[in-house]
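Q: Below is a structure I'd like to ask you about.
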Amino acid sequence: MNSGELDILLVEDNKDDMDLTLHALKREKLANNIFVARDGEEALDFLFCRGAFAKRTFEHPPKLVLLDLKLPKVDGMEVLKQVKNDPRTKNIPIVIMTSSKEERDLVSGYNLGANSYIQKPVDFDQFRETVKSVGLYWLVINQPAPASSLTKAAGQASR
């Protein structure tokens, strides 16, 4: 995979939700490349270019992170906190997609810098439509920060 073409990092440990999300994104042709992290630790390693992903660079961040909250190893809130607290990654849009109905999760997510919070619909067609809408907005309509500003921030953070 060419890391410069990465569109989405999907952080999801539930195989059914992962398959449904991938199906919806590919069916609508919203993302050329999607990387799936099955736990929070793998997501952090990917985003921070370390461990198995040490050859990645901060110059080609994903255009969108779809983040589940209930994850093995490192939970979604901790992933969100670390990503939004680092100048090299804080501009990456993160959409929490969770089954959680807890108000504290919603409030905490936004307080930590989530760009959006979506409760996963149970219905198959609603889930697919939700993923389609999220993809259309963040990958087509939204205007992201220029990559050069992210690269500059990464250089300043490493000093």
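Q: Does any residue in the stretch 132-145 that is within 22 Å of P121 (Cα to Cα) come within less than 6 Å, Cβ to Cβ, of a residue that is part of a helix (DSSP H, G or I) and modelled with pLDDT of 80 or more six or more places away or on a different chain, and which pairs are these?
A: Short answer, once both residue conditions are applied: K132/A24; G135/L25.
Q: Also: Can you find a residue in the stretch 67-77 that is among the small types (G, A, S) and at pLDDT 95 or above? Show your work before the answer.
A: Going residue by residue through the stretch 67-77, those that are among the small types (G, A, S) are 76.
Checking the rest, the ones that are also at pLDDT 95 or above come to 76.
Yes, the stretch 67-77 has at least one match.
Q: Return the residue satisfying two criteria in turn: it lies in the stretch 1-15 and is open to solvent by 20 Å² or more (accessible area, probe 1.4 Å) and modelled with pLDDT of 90 or more, and of such residues it is farthest from M97 (Cα to Cα). Walk me through it before giving the result.
A: Step one: of the stretch 1-15, the residues open to solvent by 20 Å² or more (accessible area, probe 1.4 Å) are 1-5, 13-15.
Checking which are modelled with pLDDT of 90 or more leaves us with 13-15.
On the way: D13: 12, N14: 12, K15: 14 Å.
Only one residue tops the list, namely K15.
Q: Related question: With respect to the numbered conditions (1) closer than 16 Å to D19 by Cα; (2) open to solvent by 80 Å² or more (accessible area, probe 1.4 Å); (3) at pLDDT below 85, which one is the sole condition not fulfilled by P144?
A: (1)
The values are calculated or read from the model by the stated rules, or taken from the named source; none is laboratory data. Remember, predicted model here, so these are calculated numbers, not experimental data. Neighbour counts run over all protein chains shown; Cβ positions are idealised from the backbone, glycine included. For the accessible areas, the whole protein counts, side chains as well, though only heavy atoms, and no ligand, DNA or RNA atoms are used. Shrake-Rupley method; radii C 1.70, N 1.55, O 1.52, S 1.80 Å.
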